[in-house]
Amino acid sequence: MTEMQSLRHRLIGQASPVSGECWIAFFDGVAHPVLIKNAQGRVIFANRAACDLLGCDRSDLAARPEHELVAGTQAGQIASFDAEAMRRGSVSAEQEMPGPRGLRRFLVSRRPAGEHLVVTFFEITELRETEGILRQREAHLRGLLELHPVAPFSFTADGVLSDLSDRLVAITGLPADTRHVDVWWAAMHPGDRADLRRAWIRSVRRAEPFDAEHRLQMPDGAYRWFRVRVVARPAHQDQRVDRWFGIIEDVHERRTTVEQLRESEARFRAFADDAPVMIWMTDTEGRNVFVSRSWLGVTGQSLAEALGTGWIDAVHPDDRDATASMTRDAMRRRIAYTNEFRLRRKDGGWCWVIDVGHPRLLADGTFIGYIGCCVDISARRQAEDDRVMAQLQVFHMARHDMLTGLPNRHYFGDCYQEAVASLAPERSVAVLMIDLDGFKTVNDTRGHPVGDQVLRLVADRLRTSVRSTDTVARLGGDEFAVIQTPIRSEQEACDLARRLIAAISKPFDLEGAVPEVGASVGIAFARGRGDSAEEIMRYADVALYAAKQAGRGTFRVFDEATDIHLQSRQKMKAALRAAPRWAWANSRSSTSR
C-alpha cells in the first residue's frame, strides 16, 4: 500500500477504488488550491485547483518538495512554517506568487492531519487591492477634511459631543477635552446667545435643520464669526432624534468684508454725489441701479425716472439708437467703451457728453454690471470744431493760391497724378500751360493792385471755360495751367486752347480802363502712368515757348522736333554768353605769361 493510499484509508476507513475516487473528487470540488504533504515535507497530493495554480499534473508531483513547486518560496522558509504549524496546530501567512495574470496574493494556511500537513491557498489579491483603494480614499477624505474650510461634528440628543476633530478645535478655539455643547454655549458672544437659543429650540421641536451665524470667544479674548449648520438623524423605531450632525465654518473674514463693503458703499455714494461728473452703475442686464446727484441735476430726471432703462430718455433722439446699440454690444462682450452723445439739460437745451463705461468684476472674475461716468464736453467740442475749421483752412491755403483761390503748383501735381491713375483705355490727359501776353505792361503802367484784379478775372474766365472734370491752377506770377481729362483726341485739347485764348483776350473793364491782355498756350499729352507731372509740364513749357515765338495769342502742341530745336538754341545762347568770359580769361593768361 502506497503512502497516499494509506492516508486515504486512515481518513475514510476504506481502501476500495470507488472510495478513492470519491476522495479525489471531493478535493477536486474544492475551489481553493489544496496540497497534502507527508512528514518529510514532500507533496503527495494536489487537487485540481492546485494543479492549475502550480501549472502541473498530479503525475508530475512525484513526492517533490513544496518549494520546487510553488514559485517564490525557499526550503528553509517552508520548513519553518511546517514546524510551526505542527507545533501550534495551524499557521497562516500571506505570499505573492507570479502567474499568467501577474502577481497574485494568497493567504497560505497549514493545518496538520496526523503526521501529514494540509496546505490551503486562499487568493486575496482583490481583497488586498480593495483594502488599498479604501485606505487611499480614507487618506484622501481626511486630507480634504483638513483642507476644507468647514469642520464636521456630531452630538447626541442630550448634548454629548463626539467626532470632535482637531480641525474643529483649531478653528473655534474650544478646549480639546470639550465633551458637551454647554461649553460651546458658554463661549458664545452674549449678544448672540438669546436669539440662537430661541432658533435652536424651534429646530429641536420641529426636527428641522438649524443654520445660524454667531460669534465665539477665542483664547486671546477676541470674538470671531462662525456659521453653524446642523441636521437631525431620527431613530428608525419611533422617529425620535437620537443624534445631530453638523458642520461649522469660519465666516469672520466674510462678515468683516461685508461690513467693510457697506462702509465703502456709503463712502462711494458720498463721493459720487459730490463729484462734478455724472456717475452711474448698472446690473448685469444693463439697468441703472445708481445715478449720482449730478445726473439728476443736469438732466432734471427724478431718481425713479433715471433708474432702470429710463436714462435713455434723456439722450438726444438722433443719438439714442446708436448709444443703446453701443451699450448693448459692450455689455455682451463685457469690454470697456467710450461714447459721445447729446444729453438733454434741465432747461431743455442739449449738451455734448463723453460717456465712459467699465465692466465691474468680482475678485473671481464674476461679472456684476458696469460703472461709468458722463462728462460735459460741450466747450471742448466747440473748441475742437473751431480747431478743425482752422486746420481745414490751413490745409486749403497750403494747396491753393491765395489771390485767385485756384490750386497751386503743388496741388496741381497731385491732381495730375490722380487724373493719370484713373485713365481708361484709349484715353489721355492734356496739360495746357498758359502765359498771359501783355500782363507786365499792365503791372508797370497801372500798378500791382490792378494787376491782381486782372489775375482774379483771368482765373474766373478759366474756370468757366473748362469742364467739371478739368482742373485749373495758378503756377505763379501770370502763369496758369489746365489739366484736361479725359480726352479722346488731341483736337479736344486744341479746341480748349482756342476757347481759353478767346476768353482771356476779351477786354477787362476796370474803373473805366481797359487793359489789353492776351494769352499763349502750350499743350502736352500724357497717355500713361509712366509720364511724370514734371516731364509733361516741361513738354508743355516747350510748346508754350514755341507759341510765344510764333507771335503770341496762339497755341502749339509739343513735339520732339520742337524740343530738339529749342535745346539747340539754348545751348547756342549759353555758348555765346560764355564766349567773352572765355576770351577775357585767355587774354589775362597770355598777359601774365
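The values are calculated or read from the model by the stated rules, or taken from the named source; none is laboratory data. A quick note: this is a predicted structure, and the numbers were derived from the prediction, not measured. All Cβ positions, even for glycine, are placed from backbone atoms using ideal geometry, and neighbour counts span all protein chains on display. Note: accessible area is taken over every heavy atom of the protein model, side chains too, but ligands, DNA and RNA are not part of it. Shrake-Rupley method; radii C 1.70, N 1.55, O 1.52, S 1.80 Å.
Between region 426-469 and region 377-398, how many Å separate their Cα centres? Each part reduced to its Cα centre gives a spacing of 32 Å. Working note: 222 nm ellipticity from helices only, DSSP H runs with n ≥ 4, each -39,500 (n - 2.57), summed and divided by the residues of the chain, gives -15000 deg cm²/dmol to the nearest 500.
Other residues whose C-beta falls under 13 angstrom from the C-beta of GLY476 contribute a net charge of -3, scoring Lys and Arg +1 and Asp and Glu -1.
Reported to the nearest whole Å, the Cα centre-to-centre distance from region 188-209 to region 64-112 is 64. Ordering of 363-372, 34-43 by packing is 34-43, 363-372, highest average first (other Cβ atoms within 10 Å, averaged per residue).
Near the amide H of HIS400, within less than 5 Å, lie the amide hydrogens of ASN408, all on another chain or at least 5 residues away, with H placed in the peptide plane. Spatially, region 484-558 and region 257-324 are offset by 69 Å when compared through their Cα centroids. Taking the longest Cα principal axis of the chain as reference, the axis of helix 252-274 is set at about 20 degrees. For LYS548, which aspartates and glutamates qualify as cross-link partners when the Cα separation must be under 12 Å and same-chain residues fewer than eight apart are set aside? Hits, sequence-local ones excluded: ASP435, ASP437.
Selection among GLN301, SER422, GLY405 by position relative to the dipole of the chain gives GLY405 as farthest towards the positive end (Cβ unit charges, Cα centre).
Inter-label distance, MET397 to ARG240: 10.5 nm, where each label sits 7 Å from its Cα along the C-beta direction.
The charge dipole of region 354-467, taken about its Cα centre with unit charges on the Cβ atoms of Lys, Arg (+1), Asp and Glu (-1) only, comes to about 260 debye.
Under the definition of Cα pairs under 8 Å and six or more residues apart, what whole-number percent is the relative contact order of the chain? Could you put the intermediate results ahead of the total?
Details: 880 pairs, mean separation 34.8, N = 593.
Relative contact order comes out at 6 percent.
Normalised per residue, the accessible area of region 268-393 is 57 Å², obtained with a 1.4 Å probe and no contribution from ligands, DNA or RNA. If I fit a long axis through the Cα atoms of helix 448-465 and take the longest principal axis of the Cα atoms of the chain, what angle between them do I get, 0 to 90°, rounded to 10? The angle comes out near 60 degrees.
Rolled with a 1.4 Å probe across the full set of protein chains, the surface gives SER109 an accessible area near 10 Å². Taking N as the residue count of region 73-115, its C-alpha radius of gyration divided by 2.2 N^0.38 Å amounts to 1.31. Atom-type composition of the exposed protein surface of the chain places 54 percent of the accessible area on carbon and sulfur (1.4 angstrom probe). For LEU475, the residues 5 or more places off, or on other chains, whose built amide H falls under 5 Å of its own are PHE480, ALA481. Between 0 and 90 degrees, rounded to the nearest ten: what's the tilt of helix 125-147 against the longest Cα principal axis of the chain? The answer is roughly 60 degrees.
Positive contributions from Lys and Arg (+1) and negative ones from Asp and Glu (-1), summed over other residues with Cβ under 12 Å from the Cβ of ARG128, come out at -3. From the coordinates of this entry, mean projected area of the Cα convex hull in nm² is computed, and it appears in (i) 40.8; (ii) 78.8; (iii) 25.6 under the label (ii). Contact order, relative form, for region 398-457: 27 percent (alpha carbon pairs under 8 Å, 6 or more residues apart, mean separation divided by residue count). Percent of C-alpha pairs per 5 Å bin in region 457-503, short distances first: 5, 21, 33, 27, 11, 3, 0.
If you take all other residues with their beta carbon under 10 Å from the beta carbon of VAL454, and give Lys and Arg +1 and Asp and Glu -1, the sum is 0.
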